[in-house]
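Student: Quick one: structure below, then a few questions.
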Ligand code: SAH
């Protein structure tokens with residue numbers, strides 16, 4: 001980190017969103033830098049009339065500065081300690097830090113915790129950290145040190161997982177590894193008493209989707225006697241709640257063979273020898289087209305169909321097509337849990353896509369629950385873009 005940070009001067013009038021504490025500075029808002037920063041450096045942002053506004057990480061691209069502070073704080077180990085402590089305090093309030101039956105939760109949710117570009121998930125004594133910005137990547141050791149200090153005695157391992165969407169991919173791939181600990185790591189996550197293998201190394205995201213914890217629990221209540229289809233199952237999350245809830249049969253589907261292998265390993269972990277469960281490595285759309293079984297409870301939790309705004313219209317068609325297939329085939333009196341985790345798809349977009357699907361399927365549909373991301377994925381009120389997970393629980397007559 002430079003001792004003398006570069007200064008970014010905004011174009012006239014471009015400080016409005018920053019005055020409302022929005023943490024992104026777009027490239028178009030910047031008039032010039034006094035000295036050229038390096039990617040990942042901290043820069044200070046000034047108005048056109050030379051007033052300090054914020055300090056953040058610089059990155060080449062459309063979002064050029066991700067704001068870390070509006071208060072002129074020094075970005076050092078103490079800064080990260082304070083931010084991490086605030087994040088931990090929130091999770092303490094939610095009841096996640098000392099729970100006997102859940103040891104997996106999100107400690108840092110990027111902008112939601114005033115740390116844009118940083119994600120940290122906790123699995124027991126291990127933290128898995130991901131940087132989504134070059135600045136966070138460069139600061140990873142500072143962050144790891146602060147985290148160890150904050151959670152001394154509770155945390156033994158910090159695994160840093162490179163985010164391959166960062167610009168300098170090739171270098172980054174070599175960077176994955178333990179920043180602390182690394183020996184005798186127990187890679188089992190416990191969620192509401194169920195156990196999951198977490199594959200930090202090769203798994204998706206930090207190895208597990210902690211954001212569906214509460215929605216999975218809700219599903220458990222609907223499972224008794226049901227034939228359940230868990231589409232896009234990844235490591236089987238929803239399936240085991242269904243089994244515990246008394247489902248008569250559970251089929252898990254994912255196009256990734258690795259995901260299916262992990263799902264089967266998780267069956268052995270939670271319900272060894274239970275013949276109610278079967279897993280299929282298949283494309284979801286094909287599976288829905290060809291399936292013979294009539295399911296009463298279907299979960300659709302696909303990956304983000306749209307990662308950018310320009311992919312929105314195709315994504316909405318994708319959600320409609322998928323939901324229509326499920327709505328056509330679900331048993332009468334069935335229940336559909338359907339989700340979208342695309343950040344660019346709004347709640348209304350998603351509802352419209354699903355309602356269109358229902359109309360094409362000619363089914364009578366009632367909304368039972370409207371679901372969202374859990375409290376350990378908080379939304380910074382100044383950064384509404386942080387709201388990404390939405391779901392509907394539908395009764396299908
Ligand atoms: N429901 C999961 C998370 C789903 S993540 C949980 O609770 O943990 C999305 C999953 O969809 C990934 O595992 C990915 O492998 C799978 N996937 C992506 N495209 C698919 C397709 N066309 N058909 C089936 N699975 C797909």
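Student: Let me confirm something: among 306, 326, 247, which residue is modelled with pLDDT under 95 and either assigned to a loop (DSSP other than H, G, I, E, B) or within 14 Å of the ligand (Cβ to nearest atom) (or both)?
Tutor: 306
Student: Which members of the range 192-206 meet the condition of being more than 10 Å from the ligand (Cβ to nearest atom) and either in contact with a strand residue (DSSP E or B) (Cβ under 6 Å, 6 or more places away or on another chain) or more than 22 Å from residue 144 (Cα to Cα) (or both)?
Tutor: Passing the criteria: 192, 193, 194, 195, 197, 198, 200, 206.
Student: For the range 362-374, how many residues are surrounded by fewer than 18 Cβ atoms within 10 Å (Cβ to Cβ) and part of a loop (DSSP other than H, G, I, E, B)?
Tutor: Residues in the range 362-374 being surrounded by fewer than 18 Cβ atoms within 10 Å (Cβ to Cβ) and part of a loop (DSSP other than H, G, I, E, B): 2 in total.
Student: I would also like to ask the following. Just to check your reading of the model, which residue among 127, 144, 170 is outside any strand (DSSP E or B) and at pLDDT 90 or above?
Tutor: So the residue among 127, 144, 170 that is outside any strand (DSSP E or B) and at pLDDT 90 or above is 144.
Student: Considering each of 357, 361, 375 in turn, give the residue that is closer than 22 Å to residue 96 by Cβ and out of contact with any strand residue (DSSP E or B) (no Cβ under 8 Å at 6 or more places or on another chain).
Tutor: On the way: 357 fails: closer than 22 Å to residue 96 by Cβ; 361 fails: closer than 22 Å to residue 96 by Cβ.
Step by step, each of 357, 361, 375 is checked, and only 375 is closer than 22 Å to residue 96 by Cβ and out of contact with any strand residue (DSSP E or B) (no Cβ under 8 Å at 6 or more places or on another chain).
Student: Give the range 242-260 a look and list any residue that's out of contact with any helix residue (DSSP H, G or I) (no Cβ under 8 Å at 6 or more places or on another chain) and farther than 15 Å from residue 336 by Cα, or say none.
Tutor: Those that are out of contact with any helix residue (DSSP H, G or I) (no Cβ under 8 Å at 6 or more places or on another chain) and farther than 15 Å from residue 336 by Cα: 246, 248, 249, 256, 257, 258, 259, 260.
Student: Scan the range 146-158 residue by residue and report those that are within 22 Å of the chain's Cα centre (by Cα) and closer than 23 Å to residue 76 by Cβ.
Tutor: At the first step, the residues of the range 146-158 found to be within 22 Å of the chain's Cα centre (by Cα) are 147, 155, 157-158.
Answer for the range 146-158, where residues must be within 22 Å of the chain's Cα centre (by Cα) and closer than 23 Å to residue 76 by Cβ: 147, 155, 158.
Student: With the condition kept exactly as written, say whether any residue in the range 349-361 is closer than 14 Å to residue 392 by Cα, surrounded by 14 or more Cβ atoms within 10 Å (Cβ to Cβ) and within 15 Å of the ligand (Cβ to nearest atom).
Tutor: no
Student: Would you call residue 259 buried (at least 19 other Cβ atoms within 10 Å of the Cβ) and either within 19 Å of the chain's Cα centre (by Cα) or more than 11 Å from the ligand (Cβ to nearest atom) (or both)?
Tutor: Answer is yes for this residue.
Student: Given 334, 386, which one is away from the ligand (no atom under 15 Å from the Cβ), more than 27 Å from residue 22 (Cβ to Cβ), crowded, with 17+ Cβ neighbours inside 10 Å and touching a residue at least 40 places away in the same chain (Cβ under 8 Å)?
Tutor: The conditions single out 334.
Student: What residue, of 86, 98, is modelled with pLDDT of 95 or more and either surrounded by fewer than 21 Cβ atoms within 10 Å (Cβ to Cβ) or assigned to a helix (DSSP H, G or I) (or both)? Steps first, please.
Tutor: Values: 98 fails: modelled with pLDDT of 95 or more.
Exactly one of 86, 98 is modelled with pLDDT of 95 or more and either surrounded by fewer than 21 Cβ atoms within 10 Å (Cβ to Cβ) or assigned to a helix (DSSP H, G or I) (or both), namely 86.
Student: Test residue 108 against the stated conditions and say whether it is in a strand (DSSP E or B), surrounded by fewer than 24 Cβ atoms within 10 Å (Cβ to Cβ) and at pLDDT 95 or above.
Tutor: No: the conditions fail for residue 108.
Student: Looking at the range 186-197 only, could you name the residues that are buried (at least 16 other Cβ atoms within 10 Å of the Cβ) and either free of Cβ contacts under 8 Å to residues at least 60 places away in the same chain or not in a strand (DSSP E or B) (or both)?
Tutor: Matches in the range 186-197: 187, 192.
Student: Can you tell me how many residues within the range 215-235 are within 9 Å of the ligand (Cβ to nearest atom) and in contact with a strand residue (DSSP E or B) (Cβ under 7 Å, 6 or more places away or on another chain)? Reasoning before the result, please.
Tutor: If we filter the range 215-235 for residues that are within 9 Å of the ligand (Cβ to nearest atom), which is where we start, we get 215-216, 230-235.
With in contact with a strand residue (DSSP E or B) (Cβ under 7 Å, 6 or more places away or on another chain) added as a condition, the list becomes 215, 230-235.
Matching residues across the range 215-235 total 7.
Conditions tested, residue by residue: (1) in contact with a helix residue (DSSP H, G or I) (Cβ under 7 Å, 6 or more places away or on another chain); (2) farther than 16 Å from residue 274 by Cβ; (3) assigned by TED's automatic domain parsing to the domain that holds residue 105; (4) buried (at least 17 other Cβ atoms within 10 Å of the Cβ).
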{"site": "179", "(1), (2), (3), (4)": "yes, yes, yes, yes"}
{"site": "183", "(1), (2), (3), (4)": "no, yes, yes, no"}
{"site": "199", "(1), (2), (3), (4)": "yes, yes, no, yes"}
{"site": "215", "(1), (2), (3), (4)": "no, yes, no, yes"}
{"site": "228", "(1), (2), (3), (4)": "yes, no, no, yes"}
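Student: Condition test on residue 238, is it touching a helix residue (DSSP H, G or I) at 6+ places or on another chain (Cβ under 6 Å) and near the ligand (Cβ under 9 Å from one of its atoms)?
Tutor: Working: touching a helix residue (DSSP H, G or I) at 6+ places or on another chain (Cβ under 6 Å): yes; near the ligand (Cβ under 9 Å from one of its atoms): yes.
The answer is yes for residue 238.
Student: Let me ask something additional. Looking at this structure, is residue 121 modelled with pLDDT of 95 or more and either crowded, with 24+ Cβ neighbours inside 10 Å or within 23 Å of residue 61 (Cα to Cα) (or both)?
Tutor: It is true that residue 121 is modelled with pLDDT of 95 or more and either crowded, with 24+ Cβ neighbours inside 10 Å or within 23 Å of residue 61 (Cα to Cα) (or both).
Student: Go through the range 264-297 and count every residue that is away from the ligand (no atom under 12 Å from the Cβ) and in contact (Cβ under 8 Å) with a residue 60 or more places away in the chain.
Tutor: Total satisfying the criteria: 9.
Student: Additional query: Checking the conditions here, which among 218, 201 is closer than 24 Å to residue 107 by Cα and at pLDDT below 95?
Tutor: Just a single option satisfies the conditions, and that option is 201.
The values are calculated or read from the model by the stated rules, or taken from the named source; none is laboratory data. None of these values were measured; they are calculated from a predicted model. Backbone-built Cβ (ideal geometry, glycine too); neighbour counts: all protein chains shown.
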